[in-house]
Amino acid sequence: MGIKTKAVDAKCSLDKPAADQDVLGGRVCTNTALRLAARRLGQLYDEALAPLDLKATQLALIAEIDKLTVAAPQGPTLQDLAARLAIQLSALTHALRPLVRDGFVELRADAKDRRTKHGVLTPQGKAKLSEAVWRWAAANDRVEAVLGPASAANLRALADQVSSDAFLAAYRSED
C-alpha cells in the first residue's frame, strides 16, 4: 500500500518535473527576471511613500496627469493616459478609483463628447504630488547610488528600449 513501483515513479516524474529539473531547457526567462526586479524596486519606492499613504504606482499616475496637463490644460483623456502608461483603460480606471475617492484626481467629462473623460489633479492632488516628490527622489537617489550611475542608466535605457513601440514592432515582425 505505501509502496510505489518504478513505473508509477517514472510516470509521476513525467507529469510533474522534479524541483531540480530544468523545464526551460537551459534558457533564462527575461520576463521573470524583469518582473522580480520591478517588484523589488516597487517595494522600495512604496516603502518611501508609505508615510503619505501613497503607492509608487499612484505617484506615477498623478505625476503623469500633471505632466500631460501642460499640453492639455483640461487634463489628459483617460485613453491618452492609458496609452502613455502602456496599460489597458480598465486597469487605469481601477488604479484611479482610490485617487478619485481620496480627492486627488477628478474625472471630468469632455466638453464636446461627454463619453470621454479627462483626469485632472485637484489642489489636494497637486499638494500630494509636491509632498511625495522629495520622498520619491530620496528613494530614486538611493537606488542609483546602490546600482551605480552607469548601471542605473543602463537599466533605464534597456527598460525604455523594451517599452518602446519599436521593440514591440520588431518583436511582432515576421523576420
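The values are calculated or read from the model by the stated rules, or taken from the named source; none is laboratory data. Remember, predicted model here, so these are calculated numbers, not experimental data. Note that each Cβ is placed from the backbone with ideal geometry, even for glycine, and that neighbours are counted across all protein chains shown. Side chains are part of the model used for accessible areas, which takes the heavy atoms of the whole protein and leaves out ligands, DNA and RNA. Shrake-Rupley method; radii C 1.70, N 1.55, O 1.52, S 1.80 Å.
With the full set of protein chains in place, find how many percent of the accessible area of the chain is carbon and sulfur; take the probe as 1.4 Å.
Carbon with sulfur: 58 percent of the solvent-accessible area.
Count the net charge of all other residues whose Cβ sits under 13 Å from the Cβ of residue 162, scoring Lys and Arg as +1 and Asp and Glu as -1.
0
Under the rule of -39500 (n - 2.57) per DSSP H run of 4 or more residues, summed and divided by the residues of the chain, what mean residue ellipticity at 222 nm is obtained, to the nearest 500 deg cm²/dmol?
Mean residue ellipticity at 222 nm (helix-derived): -21000 deg cm²/dmol.
Given springs between every Cα pair under 10 Å in a Gaussian network model of the chain, which of 102, 160, 46 has the largest fluctuation?
Most flexible of the set in this elastic network: 160.
Name the most mobile residue of 158, 89, 68, meaning the one with the largest mean-square fluctuation, in a Gaussian network model of the chain with Cα contacts below 10 Å.
Checking each option, the largest mean-square fluctuation is seen for 158.
Arranged from highest to lowest average of other beta-carbon atoms within 10 Å per residue, in what order do the peptides 142-150, 128-136 appear?
128-136, 142-150
Determine the dipole magnitude for the stretch 59-133: charges of +1 sit on the beta-carbon of Lys and Arg, -1 on that of Asp and Glu, nothing else is charged, the reference point is the Cα centre, and the result goes in debye to the nearest 20.
Dipole of the stretch 59-133, to the nearest 20 debye: 200 debye.
With the chain treated as a Gaussian network of Cα nodes joined by springs under 10 Å, which of 127, 111, 72 yields the largest mean-square fluctuation?
With Cα springs under 10 Å in the chain, the top fluctuation among 127, 111, 72 is at 111.
What percent do you get for the relative contact order of the chain when only Cα pairs under 8 Å and 6+ apart count?
Relative contact order for the chain comes out at 18 percent.
Over its Cα atoms, what ratio of radius of gyration to 2.2 N^0.38 Å does the stretch 86-168 give?
1.47
Hey, can you find the accessible area per residue of the stretch 12-132 for me, probe 1.4 Å, expressed in square angstrom?
On a per-residue basis, the stretch 12-132 sits at 68 Å².
Could you work out how far apart the two model spin labels at residue 153 and residue 165 are, taking each label as a point 7 Å from the Cα in the direction of the beta carbon, and quote it in nm?
That separation, rounded to one decimal, is 2.7 nm.
Protein chains only, probe 1.4 Å: how do 117, 126 rank by accessible area, largest first?
My answer, sorted largest first, is 126, 117.
Quick one: check the C-alpha center-to-center distance for the stretch 134-152 versus the stretch 60-122, whole angstrom.
The distance from the Cα centre of the stretch 134-152 to that of the stretch 60-122 comes to 28 Å.
Kirkwood-based Rg over Rh for the chain (C-alpha set), two decimals?
Over the Cα atoms of the chain, Rg/Rh equals 1.14.
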